[in-house]
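Engineer: Supplied in structure tokens, the structure appears directly below.
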Amino acid sequence: MGAAAEPRFHVLAVDDSLVDRKLIERLLKISSYQVTTVDSGSKALEFLGSLVNDDRSSSDALPSVSPSDHQGVDVNLIITDYCMPGMTGYDLLKKVKESSSLRDIPVVIMSSENVPSRITRCLEEGAEEFILKPVRLSDVNKLRPHMMRTKKLKDQEQESQEEPERHGDEIGLPPPPCQHELETQQSQDPQTQQIQQSQQPKSGNNSNKRKAIDVEEGLSPDRTRTRYNGVATF
Amino acid sequence: MERNNQLQRQVALMRQSLFDQGYLDEQFVQLEELQDDTNPNFVEEVVTLYYRDSARLIASIEQALDKSPLDFNKLDSYMHQFKGSSSSIGGRKVKTECSQFREYCRTGNGEGWQDKQGPEVQLLAPHRKKKRDSAHNSFC
């Protein structure tokens, strides 16, 4: 890593379950992440500073992503439950990926149900990982590479505007397998691993395309970061 | 203090029996491992949240079970939530009961049970009570 000090990543956790929010918050904090928890997709989007009502993609050349009270908020990863009333985790994923200001934030989906079609759909929509609940520390340990990769890409972008064809794999971080640690259905693991790995180049190409259009606004590390220490916006 | 050691032993035995009897599973150990000097009451906090949450859910489920015809979608949704939080704290037995209950909900839906009185009702009725009781028993 190039950074002198270990960067403190900020994770936004989205879950409608009180118990699960408490758990994921603890898991993330014990892993030295800054955590903000919210109980719905819409609150997540609020926090992220863009209530995406329509598809405003590349016309969105916003210098600052966020509303005034969230100036300089830097979210390095969004981890969201799939099954939520109103906006599902999948809906949230879509909105994030459709937003020019948010789409480079890695998104991880959690679900209590091991439904292959669901997993595929999420990965195809751009989710980095699909984690099966109950979530444990080993699952959270898999998140760091995604955050490192995105941060590294952002840092490189700031150094030079040149965007070579780089992706997680080539930076030296192996694509993490989707281990679901499910008692039954062991056969799912190789299948989802394949899906995950086949998705990597696809999303890589997309992110390069996106980078060519967007400049990362408002997310540079030298900005003053507002610390949100587990402030739960219920 | 000798008394302290005795109590600790009792607690340890009780804890172990909860695992042995299948009330708790590995996920509970995960919770325990998240507890440390900086967060010395983590397990208690989570379980307290869980109890509060579960009480609310059970009340909703009981209400829904008293309705006729049964709203299986609603019941399934409550059970999904209950199962989820139980699973997150390692409540293995409750989780299993919830799964079972959801199966009945699914069966009920599949047979288009909604407005019928008939053999299906008889089939469902004892299970309803059983689910309620087992949910109570494993919960209280």
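The values are calculated or read from the model by the stated rules, or taken from the named source; none is laboratory data. Remember, it's a predicted structure, so these values are computed and weren't measured experimentally. Quick reminder, even Gly has a Cβ in these numbers, built from the backbone with ideal geometry, and neighbours come from all protein chains shown. Accessible surface areas use protein heavy atoms only, side chains included; no ligands, DNA or RNA. Shrake-Rupley method; radii C 1.70, N 1.55, O 1.52, S 1.80 Å.
Engineer: Working only within region A:118-154, note down all residues that are buried (at least 19 other Cβ atoms within 10 Å of the Cβ) and polar (S, T, N, Q).
Structural biologist: Listed by number, the list holds a single entry, A:150.
Engineer: For region B:33-45, check the following and say yes or no: at least one residue is out of contact with any helix residue (DSSP H, G or I) (no Cβ under 8 Å at 6 or more places or on another chain), of a type in the set (Ser, Thr, Tyr), open to solvent by 70 Å² or more (accessible area, probe 1.4 Å) and part of a loop (DSSP other than H, G, I, E, B).
Structural biologist: yes
Engineer: Being assigned to a helix (DSSP H, G or I), farther than 21 Å from residue A:111 by Cβ and not basic (Lys, Arg) narrows it down to one of B:77, B:54, B:60, so name that one.
Structural biologist: B:60
Engineer: Just to be sure I understand the filter: pairs with C-beta atoms under 9 Å, separated by 6 or more residues or on different chains, first member in region B:69-80 and closer than 14 Å to residue B:59 by Cβ, second member open to solvent by 40 Å² or more (accessible area, probe 1.4 Å) and assigned to a loop (DSSP other than H, G, I, E, B). Which pairs pass?
Structural biologist: Here the result reads B:74/B:67, each pair linking region B:69-80 to a residue that is open to solvent by 40 Å² or more (accessible area, probe 1.4 Å) and assigned to a loop (DSSP other than H, G, I, E, B).
Engineer: Out of the residues in region B:16-31 meeting the condition of being open to solvent by 80 Å² or more (accessible area, probe 1.4 Å), in a helix (DSSP H, G or I) and under 23 Å from residue B:48 (Cβ atoms), tell me which one is nearest to the other protein chains (Cβ to nearest Cβ).
Structural biologist: B:26
Engineer: Quick check on region A:34-73: of everything there that is in a loop (DSSP other than H, G, I, E, B) and modelled with pLDDT of 95 or more, which residue is nearest to the other protein chains (Cβ to nearest Cβ)?
Structural biologist: A:39
Engineer: For residue A:119, work out the one condition from (1) assigned to a loop (DSSP other than H, G, I, E, B); (2) more than 10 Å from chain B (Cβ to nearest Cβ) it doesn't fulfil.
Structural biologist: Evaluating residue A:119 over (1) assigned to a loop (DSSP other than H, G, I, E, B); (2) more than 10 Å from chain B (Cβ to nearest Cβ) leaves (1) as the failure.
Engineer: Does region A:26-45 hold any residues that are over 18 Å from residue B:28 (Cβ atoms) and open to solvent by 10 Å² or more (accessible area, probe 1.4 Å), and which are they?
Structural biologist: Correct list: A:29, A:31, A:32, A:39, A:40, A:42, A:43.
Engineer: Here is a follow-up. Which of the residues spanning region B:68-90 are more than 9 Å from chain A (Cβ to nearest Cβ) and closer than 30 Å to residue A:27 by Cα?
Structural biologist: First, the residues of region B:68-90 that are more than 9 Å from chain A (Cβ to nearest Cβ): B:68-76, B:78-79, B:82.
Answer for region B:68-90, where residues must be more than 9 Å from chain A (Cβ to nearest Cβ) and closer than 30 Å to residue A:27 by Cα: B:76, B:78, B:79, B:82.
Engineer: Right, something else. Would you mind stating whether residue B:76 is surrounded by 15 or more Cβ atoms within 10 Å (Cβ to Cβ), modelled with pLDDT of 50 or more and either under 30 Å from residue A:136 (Cβ atoms) or not aliphatic (A, V, I, L, M) (or both)?
Structural biologist: yes
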